1. Suppose the filter is touching a His at 6+ places or on another chain (Cβ under 6 Å) and surrounded by fewer than 22 Cβ atoms within 10 Å (Cβ to Cβ); does Pro205 pass it?
2. Give me the strands (runs of 3 or more DSSP E) completely within the range 1-118, filtered to those with at least 3 residues that are surrounded by fewer than 24 Cβ atoms within 10 Å (Cβ to Cβ), within 16 Å of ligand 2 (Cβ to nearest atom) and not assigned by TED's automatic domain parsing to the domain that holds Ala299, ordered by residue number.
3. Test each condition in (1) free of Cβ contacts under 8 Å to residues at least 40 places away in the same chain; (2) within 24 Å of the chain's Cα centre (by Cα) for Asp481 and report the one that comes out false.
4. Scan the range 284-311 residue by residue and report those that are touching a Pro at 6+ places or on another chain (Cβ under 9 Å) and in a strand (DSSP E or B).
5. Show me the strands (runs of 3 or more DSSP E) entirely contained within the range 157-276 in which 2 or more residues are within 16 Å of ligand 2 (Cβ to nearest atom).
6. May I ask you to say which residue of Ala371, Ala300, Ala290 is within 16 Å of ligand 2 (Cβ to nearest atom), more than 22 Å from Asn491 (Cβ to Cβ) and of a type in the set (A, V, I, L, M)?
7. Which condition number does Arg192 fail, the rest of (1) closer than 16 Å to Pro430 by Cα; (2) of a type in the set (Lys, Arg); (3) not assigned by TED's automatic domain parsing to the domain that holds Gly431 being met?
Amino acid sequence: MSYVIGIDLGTSAVKALLIDRDGKIRGEASVSYPLFHEHSGWSEQRPEDWVEGTLQAIRDAVAAAGIEPSEVEGISFSGQMHGLVLLDADRKPVRNAILWNDTRTTEQCREIERTLGEDLLHIARNPALEGFTLPKILWVREHEKEVFDRASLFLLPKDYVRYRLTGELHMDYSDAAGTLLLDVAGKVWSRRVLEAFDLPESFCPALIESHGLAGTMLPDIAGQCGLTPVTKVYAGGADNACGAIGAGILSEGLTLCSIGTSGVILAYENNRDSDYSGKVHFFNHGKEDAYYAMGVTLAAGYSLSWFKQTFAAEESFNELLKGVADVKPGSGGLLFTPYIVGERTPHADAQIRGSFIGMDGSHKRDHFARAVMEGITFSLNESVAVFREAGKTVDTIVSIGGGAQNPVWLQMQADIFDARVVALENEQGPGLGAAMLAAYGAGWFASLEECADRFVKHASAYTPNPDAVETYKGLFGIYRDVYSSTRELNNRLAAYRG
Ligand SMILES: Nc1ncnc2c1ncn2[C@@H]1O[C@H](COP(=O)(O)OP(=O)(O)O)[C@@H](O)[C@H]1O
Ligand SMILES: O=C(CO)[C@@H](O)[C@H](O)COP(=O)(O)O
């Protein structure tokens, strides 16, 4: 028998998924690691924590499956996007990684807009947003010059882990698309962007397809994680691209909702010239020469985790949420906006912060928990609205991520999105997508679609409840007004943040 492993390098944890040729999960393991928020708006992780976590997760997944290590034919990755890893000439990180949800780079975003003007949207197909990689590079150069002077190359999170496993340096197109340095339609590093910021092309790693062969496991690393050097390592992709692959979003008309730490609404695109004028992100897919458009809620699952950590640290998510089904849609007039680390779609705003509006003496904790879930889903519905306004039909949405583990939340998604919501049998979207890239890379299937036919299994479907749809339509209008009503207040409050 032969197997592949998909590694999902997330923000809260790394997960390893060992899969057989039928797409059945034979072993899985997860190792979490810390996030560092030294100042308000900052978010960093230690690259070494990712490497140690990945090796342990592989070791545990292989042990759980009880298979011969040499039977693992291939391994591939799904990675949290945009995070900056700077390496020195000896390929050692010069500082902690600055992550996708770090918003310290507003100044650098304005500088990128001034320098590139309209070329930015034309080449990188996305506006300058704090979370993307180029602004982070400019921030380090400006604020930590000595550190930057030691850097000779940049990587994204999963590329660094892959480098440590293979000794080879690469970046795949789906992740490179989130740096602002890639010519997204042309699939090359953009000379125009690199020259405008005086960065040499040697600062960027070689580009590769997501299913491309990046190398084999270094013998000592293979030993450390219970594998052998025969295992081939395939490049992998951005977590959202892999989430889409793992959910079978491989043709026009299919839409994904993912609630992980962040939340996304993603629509498949065949046409590299599709134009959303920067309102939503436009990135290369992990499937060759395909694309996707995507709106992002910065703190989706993170808002619920924050709520749990702050008010119910000792309870599991299931315990925290067990009463929400008894609270009616609308949470008794309590509305939450999930802007607790700023927002991306549709308000690219690093200063905005969250609110609970309408607190009433009758509200209990369950009202707050439900309001948090509703607020996150309203925020995602803003992205659904952008797609609908652009003429896309959004009638069925495949839902993945930690948030898809709760049936009440899945029904809420159907009611707020006013669309059929489908869950997957194995809620392992990005990890499954990574495993599929390894399976396709290893030649098990002639195409990713053929692989999806075997590996991706739909589970329950949730249809919109007409009464709840009406209630949520009204509330969504009020939700949309909270941003403009609280923006100025939050700008004034910014001075008091830590
Ligand atoms: N049982 C659950 N019910 C509802 N939401 C959950 C549950 N477990 C986890 N979550 C949500 O999912 C999020 C983590 O999702 P995950 O896809 O694992 O994230 P990431 O890949 O970013 O690390 C948490 O922040 C939490 O909000
Ligand atoms: O910044 C983005 C997408 O542009 C995020 O989606 C990150 O890719 C992190 O994702 P999760 O940790 O939530 O999976």
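The values are calculated or read from the model by the stated rules, or taken from the named source; none is laboratory data. None of these values were measured; they are calculated from a predicted model. Cβ coordinates were reconstructed from backbone atoms using ideal geometry, including for glycine residues, and neighbour counts include every protein chain displayed.
1. yes
2. Strands (runs of 3 or more DSSP E) meeting the threshold: 25-32.
3. (2)
4. Gly295, Thr297, listed by residue number.
5. Because the criterion is at least 2 residues that are within 16 Å of ligand 2 (Cβ to nearest atom), the strands (runs of 3 or more DSSP E) in the range 157-276 that meet it are 170-172, 255-259, 263-269.
6. Ala300
7. In the conditions (1) closer than 16 Å to Pro430 by Cα; (2) of a type in the set (Lys, Arg); (3) not assigned by TED's automatic domain parsing to the domain that holds Gly431, Arg192 misses (1) alone.
For (1) within 22 Å of Met436 (Cβ to Cβ); (2) crowded, with 24+ Cβ neighbours inside 10 Å; (3) touching a strand residue (DSSP E or B) at 6+ places or on another chain (Cβ under 9 Å); (4) of a type in the set (S, T, N, Q), each residue gets a yes or a no:
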site: Asp198; (1), (2), (3), (4): no, no, no, no
site: Glu201; (1), (2), (3), (4): no, no, yes, no
site: Ile221; (1), (2), (3), (4): no, no, no, no
site: Ala267; (1), (2), (3), (4): yes, yes, yes, no
site: Asp273; (1), (2), (3), (4): no, no, no, no
site: Gly278; (1), (2), (3), (4): no, no, no, no
site: Phe283; (1), (2), (3), (4): yes, yes, yes, no
site: Asp289; (1), (2), (3), (4): yes, no, no, no
